[in-house]
Structures are given as C-alpha cells and as structure tokens.
1. Cα axis of helix 269-289 to longest principal axis of the chain: angle in degrees, 0 to 90, nearest 10?
2. Straight-line reach from residue 32: which aspartates and glutamates fall under 20 Å, measuring Cα to Cα and dropping same-chain residues less than 8 apart?
3. Using the crude model of +1 on Lys and Arg Cβ and -1 on Asp and Glu Cβ, and no other charge, please compute the dipole size for the range 2-60 relative to its Cα centre, in debye to 20.
4. With the chain treated as a Gaussian network of Cα nodes joined by springs under 10 Å, which of 144, 100, 182 yields the largest mean-square fluctuation?
5. Once phi is turned into ³J(HN,Hα) by the Karplus curve 6.51 cos²θ - 1.76 cosθ + 1.60 with θ = phi - 60°, what whole-Hz value does each residue of the range 7-14 show in order, with x for glycine and proline?
6. Skipping prolines and chain starts, which residues have an amide H placed within reach, meaning under 5 Å, of the one on residue 205, given they are 5 or more residues away or on another chain?
7. Rounding to the nearest 10 and keeping the result within 0 to 90°, find how far the Cα-based axis of helix 89-102 lies from the longest principal axis of the chain.
8. What does the charge dipole of the chain about its Cα centre add up to, to the nearest 20 debye, if the Cβ of each Lys and Arg holds +1 and the Cβ of each Asp and Glu holds -1?
Amino acid sequence: MEGRILKGVGSFYTVQSGEESWVCKARGRFRKEGLTPVPGDRVEFHIGDDGKGYLLEILPRHNLLIRPAVANVDKLFIVLSASSPEMDLWLCDKLLMQCELLSISPALVCNKIDEGPAGRVEALAAQYTPGGYPVLGTSARTGEGLQALQESMRGCVSCFAGQSAVGKSSLLNALLPGLSLEVGDLSRKTERGRHTTRHAELFPAFGGAVVDTPGFSLLDLSAMEPEDLSGLYPEMQAARHNCRFPGCLHITEPDCAVKPLLDTGGLHPLRYERYKGFVEELKEMRKHRYD
Ligand SMILES: Nc1nc2c(ncn2[C@@H]2O[C@H](COP(=O)(O)OP(=O)(O)O)[C@@H](O)[C@H]2O)c(=O)[nH]1
Ligand SMILES: [Mg+2]
Ligand SMILES: [Zn+2]
C-alpha cells in the first residue's frame, strides 16, 4: 500500500492512506542504507497477517525541509500582520527565495485585517502580484477570508511561516479546531520555544495536511553569488537573460533589461529596493569569504 507519514516516534511511523492510518515499523534496512523516514514522506508499506505494519520503501522526495525535518511540502503560507507586529518584508522576501529553491508554492496571508488600516492587503498585493504570488487577506478573529485560505490549502501539504505573533496558530485553530495550538503573546512563547526541541507532525486537513511547527531552519543563502539572486525573483526571470552583460546585477549596469520593469509595473520599486539590499549583503559575504 501507499501512504504518507504523519509522524514518527522512535522507529514507529504513523502512515495515512485514504481515510485510515496505520502504525508501521521501519526495519533495520533503512538504518543500514542511511535512510531516515520523515513526516511527509510518501511510502510503500505492508500490513502483515499479524496486523503489524512495516515500511517497505520511501518514494522519491519532492523536497526536504530541515529542523524539523519534513518532506514533500507543497505550499508555504507566509503570514504577515495588517496591524502588529509590523510587517517584515525582508523576511518575507527571504522566505519566498527559500520557496523558489525548494520548489514550494508560496502564498502571502495578510492576517488581522480586522485591526489593520484599510488598504493593507492591496498594498501588499501591489508588491507581490507582479511575481505571481497570491495575496490573501484574513482575520482569524472574525473569520473573514478563511474560506479562501481553506480552498488554497485543499489537497496540499501546507506549512505556515512568518514572524512570531502574526497569528499562525490562531489561523490554524480557526480552520482546524481540533488542533488546539497554543496562542499567546511573544514573551511567553519564546521562553517555551527555547527549551523544547520539536518534531514536526502532519495533520490531515482539507484533503491534504498541515505541518504544525513554529518554524524551519532556513537554507543558508549567504554562499550564493549575488549574480544569481535575480534567478529567485519570478518578476525578473524572463528579462534577466536579455541584459547586455552576463552576470548583470541589474543595478548600475548599462542596457539592463530588468530595470525597465520598474516603469512598466513588472517589478515593484520596494521589492527592487530590498533586492538591492540583498545584493549588497551577498557582495559583502563574498568579500569576507576570500579574506
Ligand atoms: N485582532 C486580531 N488578533 C489576532 C488575529 N490572529 C491572531 N491574533 C492575536 O495575535 C496574537 C498572536 O497570535 P498567535 O496565533 O499566537 O501567533 P503566532 O505566533 O504567529 O502563532 C494573539 O494574541 C492572537 O489572539 C486576528 O486575525 N485579529
Ligand atoms: Mg504559534
Ligand atoms: Zn540587468
């Protein structure tokens, strides 16, 4: 049979297939081959005559996130707050780059629209729709926008990421009351988070699953060449190959094909400003690498 690992405890894994789930043991073979099944893995498994389940095979992974380990994540919802905390769009852009690298399809969720000033969602959409990123407005408090969010989760393995206190747990609780995630203020949670190492767990949701985790370790982007950065911006994808100079950073070079996008609405000026900031950071990193 084929299924998806929801969670693992020791060498026992809960595997979901259709509406049912089984606890399966990973045989020593996995350890010998250096394979560790992780939540999200698609697996072949077998239920013996004795009713016991065994993992037979881990099917090829679409991607793998680390700390905590989760495989085959389809969607990342990047949650931002329309009120407080103030939106950290640098973090948002970095998360989008991670998505591009890991082949995860991202969407932006502007939560707390019940509190924020009017137009926050539209302003955010203006920055991110040129890159093809969907932007949703939600309120975990009033329920506004939750239907659309739920639709966007359908059939996918989804994760929620973003700053602390933007409402990730509140959104998941509103959508999936059975989850009962802890909701709270900043101080209480950082205290708790520091001392708990957590394994990820998948919860079946809307024909797919959500990963319950306070966050992942991000891939290290600091070793990236600044010339490659624009490859992680969908807005710049087509144009970046038409610049006069290969390795164009799209900042001061003549006959750059990317910069004109700023005038045609193909690239939002604020997203471009942050891009320039990241390029500077990477150039700085490169300098120190060869010191
Ligand atoms: N006004 C308003 N407050 C919210 C909303 N969603 C969450 N909150 C509040 O924001 C705080 C942080 O929420 P939480 O879900 O713990 O955020 P997390 O750290 O991202 O998981 C809590 O006090 C929530 O009650 C919302 O849509 N509107
Ligand atoms: Mg939370
Ligand atoms: Zn260029």
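1. Once rounded, the angle reads 80 degrees.
2. Answer for residue 32, where 20 Å is the Cα cut-off: 41, 44, 57, listed by chain and number.
3. So the dipole magnitude of the range 2-60 works out to roughly 360 debye.
4. Comparing 144, 100, 182 in a Gaussian network model of the chain, the most mobile one is 182.
5. 7, x, 10, x, 9, 10, 10, 8
6. Amide H neighbours of residue 205, under 5 Å, 5+ apart: 210.
7. Compared with the principal axis, the helix lies near 60 degrees.
8. Here the size comes out at about 700 debye.
Computed from the coordinates by the stated procedures, all read-outs in this text should not be read as laboratory data. Bear in mind the structure is a predicted one, so any value in this text is a computation, not a measurement. Please note: Cβ atoms are built from the backbone with ideal geometry, for glycine as well, and neighbour counts cover all protein chains shown.
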